[in-house]
1. What tally of residues in the stretch 286-304 results from selecting those that are under 28 Å from Cys67 (Cα atoms) and either open to solvent by less than 40 Å² (accessible area, probe 1.4 Å) or in contact with a Leu (Cβ under 8 Å, 6 or more places away or on another chain) (or both)?
2. Across the stretch 21-46, which residue is surrounded by the most Cβ atoms within 10 Å (Cβ to Cβ) among those that are among the acidic types (Asp, Glu) and farther than 30 Å from Ser297 by Cα?
3. For the stretch 203-210, indicate whether the set of residues that are within 27 Å of Gly8 (Cβ to Cβ) and over 20 Å from the mean Cα position of the chain (by Cα) is non-empty.
4. Read through the list (1) open to solvent by 20 Å² or more (accessible area, probe 1.4 Å); (2) among the charged types (D, E, K, R); (3) touching a residue at least 12 places away in the same chain (Cβ under 8 Å), then give the number of the only condition that Glu220 fails.
5. Given Ala149, Ala129, which one is over 13 Å from Leu299 (Cα atoms), open to solvent by less than 60 Å² (accessible area, probe 1.4 Å) and over 19 Å from the mean Cα position of the chain (by Cα)?
6. Just for the stretch 199-227: of the residues that are acidic (Asp, Glu) and in contact with an Asp or Glu (Cβ under 8 Å, 6 or more places away or on another chain), which one is nearest to Pro327 (Cα to Cα)?
7. Since Met225 meets every condition but one in (1) under 29 Å from Gln353 (Cβ atoms); (2) open to solvent by less than 10 Å² (accessible area, probe 1.4 Å), which condition does it not meet?
8. Just give me the residues in the stretch 364-390 being open to solvent by less than 60 Å² (accessible area, probe 1.4 Å), more than 22 Å from the chain's Cα centre (by Cα) and either under 14 Å from Val274 (Cβ atoms) or not polar (S, T, N, Q) (or both), in sequence order.
Amino acid sequence: MVMLSRHGVRSPTKGLAELRRLSDQDWPAWPVDRGILTPHGADAIRQLGLYLGAQYRQRGLLGPDRCPGGGPADDPAGGPAGDSIFVWGDSGDQRTRASAQALAEGLAPGCGLKAHGLAPDSPDVLFDAASGGACPMDAEEATKAVVAANGGDIATVPANIAPALAALVKVVAPKACAPNGTPGACFATGPAKVVDKGGEVKVDGPLARGAMLAESVFLEYVQGMPADQVGWGRAGTPQALAAILPVHDYQADLTRRTPYIASHNGALLARQIVAGVTGGPAAAPLAPVPAGARLVSILGHDTNLSNVAGLLGLDWTLPGQPDKTAPDTTLAFEVSRDTATGKRYVRVALYYQTLEDLRQAAALTPAHPAGKVDLPLPACGGDRCTVEDFAALVRKAVPAACWR
């Protein structure tokens, strides 16, 4: 099976000064620099790893020995090939490298399993196929796709998202966004536009700023900050977070799941997943998965989850979790064999932690399991695909020029 996971709980990627310019008050300090995995975040993703490792041993994917080989045969830290676990993290960010290692420690506790990746702080095009040049987008086509997905006008706030934006204003900037507020100071007003940032299409404007702010407040909660600090005490409940998170989820879907963008940005990850479920070769720029690996874990970002979901036509809501691609969320592509026919099938499941489990870094057990949502594959017309059909539908979704 192949897992694709988002990194664990991190601090906001924007500095406190920049966040302050978009709000009415100073933001709380974090125990780490911006964009860094927190110790709490490492604990939480380790808990998910412990749970998933136990689940896949119980289900027979992994042998009863809890210390399988974890890497290529010539890697002393990885151990022998065979009934192995292989973890590959995006080298470009500390949060993905550290999350990959924490997840590895959970999947095989006490085994010294090492996560793999390129040299630290070097770009890994696997996670950024479009701007990395492996599957470049046409900026004009990407812009058209995003504008069309937003109803034909990028400045429009969809009617179903307007209440969430209004709720976010009350949390983040009630004074700046008041009718008599300082002109130009409200994050929720002003022009919107699509911009090409080095091959990656982004949207600038009220929704984009709101998405970043909503996630920053959300991160305060799942980091375990006191409720009276989360959104200055105005978003310290699950209900308050559920009211503002649609701004973040909508913006993420718009810029990441829109098919043209998803098919380009997610091209290499889709190829990696196909190689994993078919047992096919995985030459660079794909991760160098050893031939004996049975559980392959790819550790990236929420962007990567959304890209692959958009490419495959997957969507979901998560009971108890208002962020569709919250920290640690994991797409699992599970391969099983029908013993009657000998055919192999791919099923897709999504594992996640509830809002409170993330906040507490709670232990996950059979009595208190991780959340799980089974995801049907629309292109197969059911809850599973044959391996061959799955590979064919992925290849059809990826631009031909990007499959080489």
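1. Within the stretch 286-304, residues that are under 28 Å from Cys67 (Cα atoms) and either open to solvent by less than 40 Å² (accessible area, probe 1.4 Å) or in contact with a Leu (Cβ under 8 Å, 6 or more places away or on another chain) (or both) number 13.
2. The first filter runs over the stretch 21-46 and keeps only residues among the acidic types (Asp, Glu), leaving 24, 26, 33, 43.
Then drop every residue that is not farther than 30 Å from Ser297 by Cα, which leaves 24, 26.
Values: Asp24: 16, Asp26: 11.
The selected residue is Asp24.
3. no
4. Going through the list (1) open to solvent by 20 Å² or more (accessible area, probe 1.4 Å); (2) among the charged types (D, E, K, R); (3) touching a residue at least 12 places away in the same chain (Cβ under 8 Å), Glu220 breaks only (1).
5. Result of the check over Ala149, Ala129: Ala149.
6. The residue in question is Glu215.
7. Against the list (1) under 29 Å from Gln353 (Cβ atoms); (2) open to solvent by less than 10 Å² (accessible area, probe 1.4 Å), Met225 comes up short only on (2).
8. Passing the criteria: Cys380, Gly382, Cys385, Thr386, Val387.
The values are calculated or read from the model by the stated rules, or taken from the named source; none is laboratory data. Nothing here was measured: the structure is a model prediction, and the numbers come from that model. Methodologically, a virtual Cβ is constructed for each residue, glycine included, from the backbone with ideal geometry; neighbour enumeration extends over all protein chains shown. The protein model used for the area step is the full one, side chains on, heavy atoms only, and it has no ligands, DNA or RNA in it. Shrake-Rupley method; radii C 1.70, N 1.55, O 1.52, S 1.80 Å.
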